[in-house]
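Peer 1: Mind looking over this structure? Questions follow.
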Amino acid sequence: MSRVRFRAPGRVNLIGDHTDYTGGLVMPMTIDRWTVFDGEDRGDAVELTSTSEPNSARITLPVADPASVQPPWARYVAAVAAEIGGAARALRATITTDIPIGAGLSSSAALEIAAALSLGFDGDAPALAELCRRAEHRASGVPCGIMDQLCIAAGRSGHALLIDCTSLETEAVPLAADLDVVVRFVAHRTLVGSGYADRVAQCARAEQVIGPLRDADIASVDQLQDDVLQRRARHVITENQRVRDFADALRRDDRVAAGRLMTESHASLRDDFETSTAAMDAAVESLAAVPGVHGARMTGGGFGGCIVAIAEPGAVTDPTAWIVHAVDGAITDSFNEVRR
């Protein structure tokens, strides 16, 4: 019998939202909040208890239909087990997390990554991310991109992660040690039943006319006859460029330029992609007005969740906000182990 102990961090996206499922560029960072699996490989099923959920789960191996598993939170683990297949490890474990659920900080992707490592996945970060992205689709039906899973798998302490969502190449871009990354929760949200899938479909329709949005230039937007498709395409094309420019600004430690790009990104998500809300807009405006804050934006899939800002140390004293730090991703985290 072996002790199994794995954890996966949450993530906050600094810039580059709704670009990953079109194969574009994103720039998230892992954060110092984790989902942890702690247990033993034993029995012939996956038996789970969660400290934040009232009902435990028993997942029979092999998994035939992850969507039928109860309670619903266990479907993410069941879908991971189904993707691993016959090599999935039987397990009795307790799950703990301090990643806020429904905050847009990738609690579901962290659960999937921690589950995959606990159930016996053995491979590199891109393969882990692709497996867990497939599991997310099976568990929730949300057609998400790969940003969350790859960032959580491959993040690096003290760095943001520039990800090319077509090649899955990553670049760790240093964050200045005296730069505060501030997160503030605004409203609970879930992407299930939201307009997220509609945005994915609209981008796909735009690509049928002008080709891959990751390769399109802004002039090609004029080829789209539908105003909604024009705005969706314009956001993706300009957001990809903002990610490139943001990475350059961080490399130079040009905080003013980086903050301005975050603010422009929020305006694009609000106006062209329509994934913000009045409460999110007000929160961004309020935080951006604080002296020492260089820029702020909504983060994640939208329709609620959190906002993120970069600021000078100690500039934000709001007790409802917290400072997050970039930590190692699950693949390289020294916490993770199987002990015989």
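Peer 1: Out of (1) crowded, with 18+ Cβ neighbours inside 10 Å; (2) free of Cβ contacts under 8 Å to residues at least 60 places away in the same chain; (3) closer than 30 Å to residue 323 by Cα, the odd one out for residue 49 is which?
Peer 2: Unmet for residue 49, out of (1) crowded, with 18+ Cβ neighbours inside 10 Å; (2) free of Cβ contacts under 8 Å to residues at least 60 places away in the same chain; (3) closer than 30 Å to residue 323 by Cα: (1).
Peer 1: Follow-up. Of the conditions (1) more than 24 Å from residue 142 (Cβ to Cβ); (2) in contact with a helix residue (DSSP H, G or I) (Cβ under 6 Å, 6 or more places away or on another chain); (3) among the aliphatic types (A, V, I, L, M), residue 307 clears all except one; give me its number.
Peer 2: Status for residue 307: all satisfied but (1).
Peer 1: If you take the residues of the range 123-153 that are assigned to a loop (DSSP other than H, G, I, E, B) and not charged (D, E, K, R), which of them is farthest from residue 164 (Cα to Cα)?
Peer 2: 141
Peer 1: Do we find that residue 115 is of a type in the set (Gly, Ala, Ser) and surrounded by 24 or more Cβ atoms within 10 Å (Cβ to Cβ) in this structure?
Peer 2: yes
Peer 1: A follow-up question, please. All but one of (1) of a type outside the set (Ser, Thr, Tyr); (2) within 17 Å of residue 164 (Cα to Cα); (3) not in a strand (DSSP E or B) hold for residue 42; which doesn't?
Peer 2: (2)
Peer 1: Go through the range 1-21 and count every residue that is aliphatic (A, V, I, L, M) and not in a strand (DSSP E or B).
Peer 2: Total satisfying the criteria: 1.
Peer 1: Would you check if there is a residue in the range 217-240 being part of a helix (DSSP H, G or I), among the acidic types (Asp, Glu) and buried (at least 17 other Cβ atoms within 10 Å of the Cβ)?
Peer 2: Within the range 217-240, one or more residues are part of a helix (DSSP H, G or I), among the acidic types (Asp, Glu) and buried (at least 17 other Cβ atoms within 10 Å of the Cβ).
Peer 1: Additional query: Which residues, taken from the range 136-160, are within 21 Å of residue 5 (Cα to Cα) and not basic (Lys, Arg)?
Peer 2: Within the range 136-160, 149, 150, 151, 152, 153, 154, 155, 157 qualify.
Peer 1: With (1) of a type in the set (A, V, I, L, M); (2) in contact with a Gly (Cβ under 7 Å, 6 or more places away or on another chain); (3) surrounded by fewer than 23 Cβ atoms within 10 Å (Cβ to Cβ) as the list, and residue 282 as the residue in question, which single condition is left unmet?
Peer 2: Condition (2) is where residue 282 drops out.
Peer 1: Quick check on my filter: what residues within the range 6-19 are surrounded by fewer than 24 Cβ atoms within 10 Å (Cβ to Cβ) and either over 30 Å from residue 339 (Cα atoms) or not assigned by TED's automatic domain parsing to the domain that holds residue 111 (or both)?
Peer 2: Within the range 6-19, none qualify.
Peer 1: Determine if the range 75-89 includes at least one residue that is at negative phi, modelled with pLDDT under 95 and aliphatic (A, V, I, L, M).
Peer 2: yes
Peer 1: Suppose the filter is among the hydrophobic types (A, V, I, L, M, F, W, C) and within 20 Å of the chain's Cα centre (by Cα); does residue 201 pass it?
Peer 2: yes
Peer 1: Is there any pair linking a residue in the range 213-241 that is within 18 Å of residue 264 (Cα to Cα) to one that is of a type in the set (Gly, Ala, Ser) and part of a helix (DSSP H, G or I), with Cβ under 7 Å and at least six apart or on different chains, and which?
Peer 2: 232/206; 233/206; 235/268; 238/268; 239/265; 239/268
Peer 1: Ok, one more. Restricting to the range 101-122, give me the number of residues that are part of a loop (DSSP other than H, G, I, E, B), of a type outside the set (Phe, Trp, Tyr) and touching a helix residue (DSSP H, G or I) at 6+ places or on another chain (Cβ under 7 Å).
Peer 2: Result for the range 101-122: 4.
Peer 1: In the list 236, 209, which residue meets the criterion of being touching a Gly at 6+ places or on another chain (Cβ under 7 Å) and assigned by TED's automatic domain parsing to the domain that holds residue 318?
Peer 2: Being touching a Gly at 6+ places or on another chain (Cβ under 7 Å) and assigned by TED's automatic domain parsing to the domain that holds residue 318 holds for just one of 236, 209, which is 236.
The values are calculated or read from the model by the stated rules, or taken from the named source; none is laboratory data. Bear in mind the structure is a predicted one, so any value in this text is a computation, not a measurement. Cβ sites come from the backbone with ideal geometry, for glycine too, and all protein chains shown count toward neighbours.
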